Amino acid sequence: MCYTRHMNTQTYNDFAAGVAELQRLINESANIVFFGGAGVSTESGIPDFRSVDGLYQQKWNYPQEQIISRSFFNANPKEFYRFYREKLIVKGAKPNAAHFKLAALEKAGKLNAIVTQNIDGLHQAAGSKNVFELHGSTLRNYCMNCHMTYDINFIAASEISDDGVPHCTKCGGIVKPDVVLYEEGLDQSCIDGAVKAIGNADMLIIGGTSLVVYPAAGLINYYRGDKLVVINKSTTSGDDAARLVIRDAIGKVFDAITVHT
């Protein structure tokens, strides 16, 4: 990813100072877009993939990246669903402070869109309306044969079937989660909507993502404004281009923000 270093980048390890500057930038903005990743949902108890305790560090019969690929799904749906139910369907997860504050910013007319790499539906659960789910959602599932749709409870309940693979009650076809697996492309209409939102934003907040997953991470290159903010515990490839960098938990940061209506 290629960025131009922002000449006035401010990096804050001091929490109060970082939040104060973020609040100032939000107050003077009218068309904010939030671009988020797994770190937004870890505070809701959903593990990420690449941290020390993430899914990629755990032991399975196959590498996790292989399990959640389309070719593996086609060849071994039973093993795919064993992993999928245990690790990607997180029961009881609730929105956290970041989700709720983003929804409040949208309701106040400050935030125009959320572009997320997450598949948990927590932004919508918190009340956000305009959400571009780049990698789909575990809440939606469809029959690969007749396209009948099913909810997440159907996928969870199908574990009791003989092979553990959910089959359509109408035609018997295999039901697939509406998530983007490795080897699959992103939905073009979702990409187009996200690109338009980011391109029109006067402020772009990046949070809870390492910016290493492509092509999703490349979408932030469409931002043309001068108020790029990065909120992440670790460094990202977007830091040098940012006007403000806050190294802290995103839920903690957003919980300290006041939404003015």
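Quick notes
- Sites HIS260 and VAL195 - FRET efficiency at Förster radius 30 Å, r taken between beta-carbons, to 0.05: 0.55
- Trypsin sites (Lys or Arg not before Pro) within the stretch 198-261: DSSP coil, no more than 12 neighbouring Cβ in 10 Å: ARG224
- Selection from PRO166, SER210, THR261 lying farthest towards where the dipole of the stretch 141-261 points positive, charges on Cβ: THR261
- Residues ALA157 and ASP226, FRET efficiency given R0 of 45 Å [Cβ-Cβ distance, rounded to 0.05]: 0.35
- Calculated P(r) of the stretch 79-195 - Cα pairs past 21 Å, %: 44 percent
- Calculated FRET efficiency, LYS91 to GLU28, Cβ-Cβ distance, R0 = 30 Å: about 0.15 to the nearest 0.05.
- Cβ-placed point charges (K, R +1; D, E -1), dipole of the chain about Cα centre in debye, nearest 20: 260 debye
- Within the chain, longest stretch clear of exposed GluC sites (Glu not before Pro) (DSSP loop, no more than 15 other Cβ within 10 Å): 29-182
- Share of carbon and sulfur in the accessible heavy-atom surface of the chain [1.4 Å probe, %]: 50 percent
- Charge dipole of the chain about the Cα centre (unit charges at C-beta), most positive-ward option of GLN188, VAL245, ASN74: VAL245
- Value in Å of the Kirkwood radius, where the chain supplies the Cα pairs that are averaged: 19.2 Å
The values are calculated or read from the model by the stated rules, or taken from the named source; none is laboratory data. In this text, all values refer to a predicted model and were calculated from it rather than measured experimentally. Backbone-built Cβ (ideal geometry, glycine too); neighbour counts: all protein chains shown. To get the accessible areas, we keep the full protein, side chains included, count just its heavy atoms, and leave off ligands, DNA and RNA. Shrake-Rupley method; radii C 1.70, N 1.55, O 1.52, S 1.80 Å.
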